[in-house]
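Participant: My questions all concern the structure below.
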Amino acid sequence: MIKDKTGRLDILAETSEGVQINLEMQLTNKKNMDKRTLFYYGKLYVQSIQSGENYHDLKRTITVNLLDFNYLPHKQYHSVYRLYEESGRDLLTDVLEVHFIEFPKFEKVLKDLKNPLHRWLMYFDENITDEKLKELMEMDPVIKKTEERLKWLSSDDETRRLYEYREHSRIERNSIFDDGRQEGELTALLKVAENLMQRGASLEEILEITGLSEEQLQKLK
């Protein structure tokens, strides 16, 4: 379904309920997806709390692997792994959940547009026809919103560049607040502005993204 055989894509998101979701798209079989998945899952789970916080604050973490190759011995295209007791199959906890979705197996499945997962996997197909895409968007408002956002991002270089600045600003601001809240909000915003300057952002873009005044930026310069 995906022709470029050299890359991979990682997306980290968090739901409104505080559940962490890590989505990885892997195009080539490195023969290590099981160990790789657990390694990055463990890091993400541990990093969900800060030093001094309680174990109860650890966030439920879900990993989704989208594979453009067959990896598991099962016939089904979607496999889900959790922590079960061996004999009675009792669930220890729901904090661990790992999904494997294998596209070659999905291609052989009779598609059901009433199935939300089927709709999304069909949407990921780069060879999807305009007619099928339109049908998916009419059935699923989230897919429609996603497609509209992708078109907006790809509309022109300037729009995409400003979006990237905003995302970089958000990440920098969160990181700075987590690592050093005692520095204060102003110091954190000035640090974000400094990083944006180094990335070539214009004065107008930095003012809009950070909310700082022009006088504050002039002092920073």
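The values are calculated or read from the model by the stated rules, or taken from the named source; none is laboratory data. The structure displayed is predicted, hence computed values, not measured ones. No Cβ is skipped: glycine too gets one built from the backbone with ideal geometry, and neighbour counts run over all protein chains shown. Note: areas computed on protein heavy atoms with side chains; ligands, DNA, RNA excluded. Shrake-Rupley method; radii C 1.70, N 1.55, O 1.52, S 1.80 Å.
Participant: Counting only protein chains, not ligands or nucleic acids, how are 84, 55 ordered by accessible area (probe 1.4 Å), most first?
Facilitator: Descending accessible area places them as 55, 84.
Participant: With the cut-off at 24 Å, tell me which of the pairs 43/144; 35/75; 108/132; 114/145 have Cα atoms farther apart than that.
Facilitator: 43/144
Participant: What nm value, rounded to one decimal, do you get for the distance between residue 12 and residue 36 when each label is placed 7 Å out toward the C-beta?
Facilitator: 1.8
Participant: Please calculate how many Å² of accessible area the range 53-163 carries per residue, with a 1.4 Å probe and no DNA, RNA or ligand atoms counted.
Facilitator: Accessible surface, normalised per residue, equals 67 Å².
Participant: Right, something else. Provide the net charge surrounding residue 114, with neighbours chosen by a C-beta distance below 14 Å and charges set as Lys +1, Arg +1, Asp -1, Glu -1.
Facilitator: -2
Participant: Okay, moving on. Long-range amide H contacts for residue 64: which residues qualify at under 5 Å (H placed 1.01 Å from N, peptide plane, sequence gap of 5 or more or a different chain)?
Facilitator: Result for residue 64 returns 22, 23, 24, 99.
Participant: Something else now. Heavy atoms only, probe 1.4 angstrom, no DNA, RNA or ligands counted: give me 68, 125, 130, 112 ranked by accessible area, highest first.
Facilitator: The most accessible residue leads, giving 130, 112, 125, 68.
Participant: Assuming R0 = 35 Å, can you tell me the calculated FRET efficiency for the pair residue 149 and residue 55, based on Cβ-Cβ distance, to the nearest 0.05?
Facilitator: 0.45
Participant: How many percent of the accessible area of the range 6-59 is carbon or sulfur, using a 1.4 Å probe?
Facilitator: 55
Participant: Then there is this: What list of ³J(HN,Hα) couplings, whole Hz, do you get for the range 205-211 from phi and the Karplus terms 6.51, -1.76, 1.60, once you set θ to phi - 60° and write x for glycine and proline?
Facilitator: The phi angles translate into 5, 5, 4, 5, 6, 8, x Hz.
Participant: Residue 78 versus residue 108, label points 7 Å from Cα toward the beta carbon: distance in nm?
Facilitator: With each label point 7 Å from Cα toward Cβ, the separation is 1.8 nm.
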